[in-house]
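The values are calculated or read from the model by the stated rules, or taken from the named source; none is laboratory data. This is a predicted model, so every value here is computed, not measured. Glycine gets a Cβ as well: all are built from the backbone with ideal geometry, and neighbour counts include every protein chain shown.
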Amino acid sequence: MTSRRGFIKGGGLALFGIGLGGIPGFLADAVAGTKIPGLFKRRKVMVCIFQRGAMDGLMAVTPFTDEYLKAARPTLFMSAAQGSSAKPLIDLDGKFGLHPSMGAFESVFKDKRMAIVHGIGSPNNTRSHFDAQDYMESGTPFKKGTDSGWLNRAVGLLGHEAATPFQAVSLTSSLPRSFYGNNAAVAINNLQDFNLQMKGNAGLVNSTAKSFEDLYDQTSSSLLKETGKESFDAIKMLQKTDVKNYKPENSAVYPNTALGNSLKQIAQLIKMDVGMEVAFTESGGWDTHFNQGKETGIFARNVNDLSESMMAFWTDMGTLQDDVTVMTMTEFGRTVKQNGTGGTDHGRASCNFILGSGVKGGLVHGLVNPLAVENLEDGRDLAVTTDFRSVFSEVADKHLGIHNDKILFPEWTGKQIGVMS
């Protein structure tokens, strides 16, 4: 017998931002005529941000006392000493310094609401963006072809069926690898341009249909009807909200960037009580082979956008901060030594940021050995000393109450590192 989850995976409803204002009239009329149930129960929410392109963790969070790094990066190295450069690093602990364009993180780090993990990465040493991202999102770094993503498996381990199609939401134009699998997940590009499509069954949506019932009559599948009713209820909840004129709380100001806009929409969905528990979005432009820059430039703009967007979201959450944890990830890091074009090449370990009330914050977790050649992976890269699964599993376990690492990361037998309280 076909399961509801299997049906959704095989071609059920998917929600895509293709154009709320663009919903066909017959759908809008049908939705308006239905009764909406009470608000979904609010639960904890984990928000994941994928930094695609491989962030240079050694520039984001620099071990500024390391003389080997200083020698390896004659035009990229930054110091925490006042007056040493136009904008010195923000000294976190006397050893690590935060890039000055990430100043928005300083207060939450000092307030112990942010933890940093350095030397994090995949045990698979591929330097292919495509393969490394696939391995990280599937959560199986030595197995190609895994049919599910780790976030989809996390949804399946939450301990309850989804009462809403918005349990797992990606604010992207298409469903990310992390959400592939048997559990329902949706991709929404833009809440302002919200529509409903039949993924893989576009012919089922007849633009000449006159009512919600007409849409049901086009299929004999009771599973589709059940899923469709939930989706229409969710659409009505969105339509009742003035998404366009949303006012962030606490005077939070989101950057007018792709990441800023995505996090603002995630904040709206959280506040609307549509039942979201896992959210995903992404940030691009981290492949800094050329003209990476130092206090200014490509990298500085990217980390400024990341930190300002995350902090706007955190400020906007206000009294809901205890319900939310935000975690970043990137497929790998950059070379210790700068290249001949003022950039860095594909490396191994990087760092990530975890923002929330339940973190062991104010600390740079993980191990970064002196960056002498003999300590580098392949003689060129920051070594991976923390498997990404040990961090991802701990955040999911402690924040969402998931306690089955054998399913979440089936090939992993390691230990968590204590980044969460």
Check: Looking only at segment 281-297, which residues are out of contact with any Leu (no Cβ under 7 Å at 6 or more places or on another chain) and either crowded, with 21+ Cβ neighbours inside 10 Å or closer than 29 Å to Trp150 by Cβ (or both)?
Finding: Glu282, Gly284, Gly285, Trp286, Asp287, Thr288, His289
Check: What are the residues in segment 306-353 that are of a type in the set (Val, Ile, Thr) and in a helix (DSSP H, G or I), if any?
Finding: Thr315, Thr319
Check: Any idea which residue in segment 81-109 is surrounded by the most Cβ atoms within 10 Å (Cβ to Cβ), counting only those that are more than 13 Å from Val364 (Cβ to Cβ) and among the charged types (D, E, K, R)?
Finding: Glu106
Checklist line | Pairs with Cβ under 8 Å, 6+ apart, first in segment 397-421 and in the same structural domain as His160 (by TED's automatic domain parsing) and closer than 15 Å to Leu151 by Cα, second in a loop (DSSP other than H, G, I, E, B) and of a type in the set (Asp, Glu) | finding: Leu400/Glu277
Note to self: Take residues that are at pLDDT 75 or above and tell me which of the helices (runs of 4 or more DSSP H) falling wholly in segment 129-236 contain 1 or more.
What the structure shows: 129-138, 150-156
Next item on the list: Name every residue in segment 71-106 that is in contact with a helix residue (DSSP H, G or I) (Cβ under 7 Å, 6 or more places away or on another chain) and of a type outside the set (A, V, I, L, M), in order of residue number.
Entry: Phe77, Lys87, Pro88, His99, Ser101, Phe105
Check: Scanning for something at pLDDT 95 or above, crowded, with 24+ Cβ neighbours inside 10 Å, in a helix (DSSP H, G or I) and assigned by TED's automatic domain parsing to the domain that holds Ala168, does segment 271-280 turn up at least one residue?
Finding: no
Check: Which residue pairs have Cβ atoms closer than 7 Å, lie 6 or more positions apart in sequence or on different chains, and pair a first residue in segment 81-93 that is in the same structural domain as Ala300 (by TED's automatic domain parsing) with a second residue that is assigned to a loop (DSSP other than H, G, I, E, B) and at pLDDT below 90?
Finding: Pro88/Gln82
